[in-house]
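Coordinate-derived values only; no laboratory data. Keep in mind that what you see is a predicted model, and the values were worked out from it rather than measured. Here the Cβ positions follow ideal geometry from the backbone for every residue, glycine too, while neighbour counts run over all protein chains shown.
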Amino acid sequence: MSLAGFEVEVQRSKDDGGVVTEDMTLSMGPQHPSTHGVLRFVIRADGEVMKEAIPDIGYLHRSIEKIAEKVGWHGFIPYTDRVDYVAAMFCNHGWSFACEQLAGIEVPKRAEYCRVIADELCRIHSHLLSVGSMAMDIGAFTPFTHAIREREYLNDLFEELCGARLTFHYMRIGGVGWDLPTGWIDKLSHFLDRFEPLVDEYDRLISFNKIFVERLAGVAPVTAEEAIDFNLVGPNLRASGVRYDVRKDEPYSVYPELEFDVPIGTGEKGIVGDCFDRYIVRMREMRESCRILRQCITQIPDGPVIAKVPRNLKPPAGDVYVRLESARGDMGWYVVSDGTAFPHRCKIRTGSFSAISIVPKISRNLMIADLIAVIASLDLVAPEIDR
Amino acid sequence: MAMDAAGVHARLREKFGDVVGPLEASGRNASATIVPARIAEVGEFLKTDPALRFDCLSNLSGVDYPKQGHIQIVYHLFSYPHRHAFVLRVNAPRDNPQVATVSGVWSHADWQEREAFDLLGVTFDGHPDLRRILMPEDWPGHPLRKDFVEPESYHGIPTSRESLLKA
Amino acid sequence: MGLATYFRSIKDAIATIGEGMAITASHMVRKPFTIEYPDRLPDGVRIQDTLPFRYRGILEVDLEICTACLACERACPIDCIVIEAEKDKAAGGLVMTRFDIDMAKCMYCGLCSEPCPTGSIHHTPEFEGADYSLESLVRRFVRAPTVAYRPKKAGETDPVIKPILDRGMRYLAEFAKGGES
Amino acid sequence: MADLVQSLFAEATWVHYLVVALLFGAIVVFGLVLPIAGITTWVERRIMGRMQSRIGPNRVGPAGFLQWLADGIKNMLKEDIVPTAADGPLFRFAPYVVMVGFVGTFAVLPFTSALIIADLNVGILYVTAVTALVVVGILMAGWASNNKWSLLGGIRSAAQIVSYEIPAGLSIFPIVMLTGSLSMQEIIKLQGWAPWSWNLFANPFAFVAFFIFFVSALAEGNRTPFDLPEAESELVAGFATEYSGMRNLLFFMAEWGNLYVIGAIVTTLFLGGWQIPFTFESKVVQHLLEFATFFLKAYGVGVLVPIWLRWTLPRIRVDQMMSMCWKYLVPIAFVNLIGTAAWMIWSPVWLQVVTRMVLVVSAAAATMMFAHRVVYHLEYAKLTRAHLLFNPLATTRSPG
C-alpha cells in the first residue's frame, strides 16, 4: 500500500539537551478494529498525542451512483439498501421520495405512515449500533451486546415486515412494498414497552458512568459555525447546538402530523459539541423515535399502501434535490432524469461523508485513544462515505 | 428573514449582472447558472451578505451532459439562519472542465470538489489539495462520465467475471 | 481543582461504577437471548420454520404454475434470471427449455416475485446457501422441456396443481398491490 | 523445602536440591498455575456471556467447561510466527519473562498454615519485586515486535505498572505497620477468621488502603478499566499484536493467573488469609479446609470481582490513568500511611473496637444497598418470571 497523497512530513525536533526526536507515522486501518468498516487514517503522532490524522477513504467504494445510471428507476431501490446498510430504510425512502417528486406521484397516506414507522424503527436500529459500538470503542463491551440484543428484536420485526433483516428493500416508488402484517402493530408496541426502560438501563449502565463521561466530555468539540461550514448534519449538527431537523424544519411525509422534540447538545458534561453531546443526542433521539412510533400506532389510517405507478417508469426530464432526515442526518438525493427509463445521474450526499471531512480539523492534539472516540461519536459508517 | 428564490436571484443580478444567468424553475429547485470562473466570488457574496447568509453548501454534484457538451456542477445552498435554499449551476466544457474552487468559502466543498474531480474529471482552480478521493490514484479515466469504459482489469485483477448463465 | 470537586469526583466514580455493576449483576439472573442454531433447538423445530412468511431466502420456482411470461426476468435489476421459452403448437402453448437463476448473483431483493402472476417464483425461508463452487450456485429448474402453465378462467381444479397455485396466490397476496400498467 | 530434601535423601547434594526444586516447580506450574489460569478463562467467558445476555462457551465438555483445554491445545498446535522484522531472540524470550514474573509469586503464597513453598521473612517485598518482572517482559515484547502498535502498548504498560507500584506499595505499608511483619504467614496469623478480626476492618485507613491496593493491583495486572497496554479498540492488541499460538497464550495465561495472584495477596493482607474458626484433629482435613478458605477468598476477590468490573466498565485514557494514580491514589495512600501510624499511637482500645464494628456494619449495609439496586434493576426492566433464569448452566432458549 503506497502512501501516495499521504506523504507525511517527518518532523525532527531538537530539544535543549540535543536529543533529536522524530514523529511517528501510524497507519490506522483499513483493518483496524475500531474504524467501523474499512476506513484508514494516517496518523502523525508524537508518542500518544496526534499531530494530525488524515482520513483515507474509498476502500468501500462500490460505484453505487454509477449503478443507478444502469439499472432503471425501480431496479435501483435494492441498491440503495447498500448505500448505508446500517440504516437502509432511509436510503430506500430517499430514492423513492426523489423519484416521486420527479414523476409527480402522490403517495397514499397509509404508505406514508408505514414509511415513518419503518424510518423511525430504523433510526433506533442505527442509533443502537452507534451508541453500542461507541461504548465498545471506549472499552466497555457489555453495553454493545445489550444494544445488539435490542437490535435483534428490531431485526425480527423488520424480518416480518419486509422479509429481510438488513437490506430491507421495503419502500417502492409510490409507497411501500408490503402492508404491515397482521399483529405486527402489537409486536411493535410490545417492543416499545420493553425498549423504553432498557434505554434508561443503558443510560445507567454506561452513559453517565464516570469513566465514560471523562473519556468523552470536552473531547473534540465542534462549534456551531464549524459544523455548518463542514456541513455536519443530523445528530452531529444538533450536538453542536444547532436546532435543525429536516423532519421539523422542512417537513416531508407525515412528520407535520407528529409531535416530537429535537434534542440538541447543551454541553452538560463538558463543552457544547463535544463527543459526549454527540453521544447523548443519539440516546435522546431514540426516545423521541419511540414517541413518534407510539403516535403512528394510534394515528395510522386504513387504505392502500402503494400508488399506481407504471412498471416502466419514465419520469419527465428534470432534476430534483430532496433532503430527508436519516439516522446520520440530512441525507440529500440529487436525481437527474432525462426522460428515459434510466436515471441520468444520481448523487447521494450522505452525513458520514461530511462528518469524516472534519476529522483532520478536530483531531489535532488529541490522543490516539481520543481519535477512536471521535470516529465513534461522529457515527461514521464506511459504506455511506464511499457509496 | 427567509427570502424566496426570486429575491435571491434579484440580489445576485444586482451585484454581479450578467455573470448570473436567468432564474430557472421555482421553489426549492430554483436555480441560476453562473460563469465558471466567477463562482467563488458569487459564493463568497452569498455566504457573507447579511440578507442571504448561505452558510451551508448542502451538496455539490457534477453531472455529465455529453449531448450539450458540458459538465454541470450543481451547488445546493442552504441558509441555517434564514432557512432558505438556492441552487447554483456552472457549466464547464467537457474537454477541459475548469471551475473556480469554492473550498475557500465553504469547507465542505473541499471534499465534494475532490469527489467531482475524481469521478468526473473537473479541475477546480485554486483547490488546495485536488487529488483522487474514492478511486485509486492510478485509476484510468473518470467513472461518472457517460463515455467511461471500464478497463478489463486493474493491476492484473479482472474487473468482471463471466456470467454463469451464458448458454 | 477545589477540594469539593475532588471528593465529588471520587463519589461520582464510586456511585456510577456501583450502578453499572448492579446492572451487570442483575443480568446474571436474566435469560440469555441466544438461539443456539443449528443443533440445539427444541425438538422438531427447524429454524427455517420459525421465519416469517415474507422472509426472502433462496429463490424457488414452481414450474407447474409458471406461465413463462418473463416478468421476473425483466424485473431483475442484475439479470440473474434467464428464461428460454418457445411457442410450440404441438405441445399446446409455450415450452420452457431453460429457467436458470444465478444465486451467486442474486441479491434477494424480491423484485422478481412481485410481478409474477401466479406466485410461481418466490422466496423460500431457506437461507443456507453455502457451496463449494460458483457453478453449483446456479439453480437450473427446467430438467426437460416443460409446457408453461395456462391459467384457467373457471379456476384450477387439478388436485396436484391446486395447492401449489393456492400457495402461490397467497404469497402474492402479501405484496402491496400497486399499479401495473 | 530444605527440610523436605534432607528428610528424603540421607546425603543430599546440590543435585538433589536442584531436582526436587525443579519437580516442585513443575508440580506448581502444571498442577496449580495452568489449571487456575485456564479455568479462569472459562469462568470469565461464562460470566461475561451471562452479563451480555449470551451463553458463552458451551460446546466442549459439560457447559463448555473443557473449553480452556481445547483452546490450549489449539494454541499449542498453531504455527509460531516470528515476524521477519522482529528482534527474534527478544521476541521469543519475552513471554517467558512475563511467565516468570507471575509464577515466581507462587513461591510465597500461603495456601494453608503449612503449605507454602518458602515463608520468606520479606515475603510481601518479594512479591512486589517479582511482579515487576512482568513489565520487563511486556516492554520486551512491545519493542521486539517491531510494530508501532506493540511499542505503544509496551510503553503504556511500562508507564502504568511503574506508576501504580507506588500506591500499591504505599497501601501495603499500613498493614505491615499493623502487623509488624513482612512475612506472609505472620500477617495472616495476626488476623482471625471472622470479618471483624480482619485487617480490612482494623481501622478506617486500612479500609481505604484495601481499595487503593485493589485498584492499583488491577492496573498492574492490566485489567479493565486499566487494560491500556492491550486496548483492543485502540492498539489492535497492544504488545501482543504480533504474537500467535503458544506465545500469545503465555501472555494471556499470565494475565489470568495474575488475577489469582492479586486475589491471594489481597486475601493475605486484608481478608484473613486461610484462617478458619475451628481446629481439627486430622491435619489433612485442617489443611484442606484452610486451602479451600484461602482459595475461595482469593478467587472471589481476585478473579470474580475483576471479571465483573471488566465487563461493566469502559477503559480510561492514558493521561487519565496517570492523573488517577498521581492525583488520587498516591496522595490518599500517603494519608493512609500517616493515619495508620497516628491511629496506632493515639487511638484508645474502645475506639478501636467500636471502629471495627462500625466498619463491619457499614460494609454489610453497603452490600445490602447494592443488593437492593440489583433487584430494582430487575424490576425496572419489567421482566416477567419467564425472562429470569436462575440456573447458570442451562443454555437453551426457544426460538421465536
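Taking other residues whose beta carbon is less than 14 angstrom from the beta carbon of D:ALA86, and scoring Lys, Arg as +1 and Asp, Glu as -1, yields 0. Students often get this wrong: which residues of the range A:338-359 have the backbone nitrogen under 14 Å from the point 7 angstrom along Cα-to-C-beta of B:ALA25? Residues A:338-339, A:344-347 fall inside that zone. Would you mind getting me the FRET efficiency between B:ASP95 and B:GLU137? Use the beta-carbon distance for r and R0 = 22 Å, nearest 0.05. Step by step, r from the Cβ atoms, then E = 0.45. Taking 13 Å as the straight-line reach from the Cα of D:LYS189, the aspartates and glutamates in range (excluding those fewer than 8 positions away in the same chain) are D:ASP119, D:GLU290. Taking 7 Å steps out from each Cα toward its Cβ at D:HIS16 and D:VAL285 produces label points 3.5 nm apart.
Among the listed pairs A:LYS308/C:LYS177; D:LYS74/D:LYS148; A:LYS347/B:LYS47; B:LYS166/C:LYS105, those with a Cα-Cα distance over 19 Å are D:LYS74/D:LYS148; A:LYS347/B:LYS47. Other residues within the sphere of radius under 14 Å centred on the Cβ of D:GLU234, judged by their own Cβ, net out at -2 (K and R +1, D and E -1). How far, in degrees from 0 to 90, does helix A:142-162 lean away from the longest principal axis of the Cα atoms of chain A, to the nearest 10? The angle comes out at about 20 degrees.
The alpha carbons of chain B occupy a box of 63, 36, 28 Å along the principal axes, longest dimension given first.
Legend: calculated FRET efficiency, D:SER323 to D:ALA365, from the Cβ-Cβ distance at R0 = 30 Å, rounded to 0.05, equals 0.45. Put a dot 7 Å past the Cα of D:PHE211, heading toward its Cβ, do the same for C:GLU60, and the two dots end up 6.2 nm apart. Backbone amide hydrogens, once placed in the peptide plane, bring C:VAL142 within less than 5 Å of C:PHE99, excluding anything fewer than 5 places away on its chain.
Distant-in-sequence amide contacts of A:SER326, defined by a placed amide H-H separation under 5 Å and a gap of 5 or more residues or a different chain, comprise A:MET331.
For the protein assembly as shown, the alpha-carbon coordinates run over 108, 80, 58 Å along the three principal axes, in decreasing order. May I ask which of A:LYS70/A:LYS109; A:LYS314/C:LYS87; A:LYS210/A:LYS248; A:LYS210/D:LYS327; A:LYS70/C:LYS87 have a Cα-Cα span longer than 23 Å here? Among A:LYS70/A:LYS109; A:LYS314/C:LYS87; A:LYS210/A:LYS248; A:LYS210/D:LYS327; A:LYS70/C:LYS87, the Cα-Cα distance tops 23 Å for A:LYS70/A:LYS109; A:LYS314/C:LYS87; A:LYS210/A:LYS248; A:LYS70/C:LYS87.
The mean number of Cβ atoms from other chains found within 10 Å of a Cβ in peptide A:325-336 is 2, as a whole number. Counting only residues at least eight positions apart within a chain, or on another chain, the lysines with an alpha carbon under 18 Å from that of A:LYS361 are A:LYS51. Our summary of shape: the Cα atoms of the range D:56-213 have principal axis extents of 55, 42, 29 Å, ordered from largest down, in whole angstrom. Counting only aspartates and glutamates at least 8 places from B:LYS15 when in the same chain, those with an alpha carbon closer than 14 Å to its own are B:GLU41, B:GLU44, B:ASP49. Between D:HIS372 and D:ARG92, the simple spin-label model (points 7 angstrom out along Cα→Cβ) gives 6.2 nm. Scaling against 2.2 N^0.38 Å puts the C-alpha radius of gyration of chain A at 1.02.
Let me know the shape class of the range C:49-173, please: from the alpha-carbon gyration tensor, a ≥ b ≥ c as square roots of the eigenvalues, rounded when a/c is under 1.5, otherwise prolate if a/b is greater than b/c, or oblate. Taking the square roots of the gyration eigenvalues as a ≥ b ≥ c, the range C:49-173 is oblate. For chain D, rounded, prolate or oblate, judged on the Cα gyration tensor with a ≥ b ≥ c (square roots of eigenvalues), a/c < 1.5 rounded, else prolate if a/b > b/c? Rounded. If R0 is 30 Å, the Cβ-Cβ spacing of D:VAL176 and D:VAL353 corresponds to a FRET efficiency of close to 0.85.
Each other residue within a Cβ distance under 9 Å of A:SER34 adds +1 if Lys or Arg and -1 if Asp or Glu, for a net charge of -3. Scanning residues 5 or more positions from A:GLY175 or on other chains, those with amide H under 5 Å from its amide H are A:ALA307, with H placed 1.01 Å from N in the peptide plane.
If one takes the longest principal axis of the Cα atoms in chain C, at what angle in degrees, from 0 to 90 and to the nearest 10, does the Cα axis of helix C:161-174 lie? Helix C:161-174 sits roughly 50 degrees off the main axis of chain C.
Averaged over the residues of D:365-375, the number of partner chain Cβ atoms lying within 10 Å of the residue Cβ comes to 3. When both bridge partners sit in chain B, DSSP labels roughly 75% of those beta bridges antiparallel. Under 15 Å from a label point 7 Å along Cα→Cβ of A:LYS314: give me every residue in the range A:320-360 with its amide N that close. Only A:337-344 pass the distance filter.
Only DSSP H runs of four or more residues enter the estimate; each adds -39500 (n - 2.57), and after division by the residues of the protein assembly as shown the mean residue ellipticity at 222 nm equals -14000 deg cm²/dmol. Listed values for the range A:288-293 are Karplus-derived 3J(HN,Hα) couplings in whole Hz (6.51 cos²θ - 1.76 cosθ + 1.60, θ = phi - 60°), namely 5, 4, 4, 4, 4, 4, and x replaces Gly and Pro. Among A:321-330, A:65-74, sorting by the average number of other beta carbon atoms lying within 10 angstrom of each residue, highest first, gives A:321-330, A:65-74.
For the range C:22-36, putting each phi into the Karplus relation 6.51 cos²θ - 1.76 cosθ + 1.60 with θ = phi - 60° gives couplings of 5, 5, 5, 5, 5, 6, 5, 9, 8, 5, x, 9, 7, 9, 7 Hz, in residue order, rounded to whole numbers and with x for Gly and Pro.
With contacts defined as alpha carbon pairs under 8 Å and 6 or more residues apart, what's the relative contact order of chain B in percent? Across chain B, relative contact order equals 17 percent.
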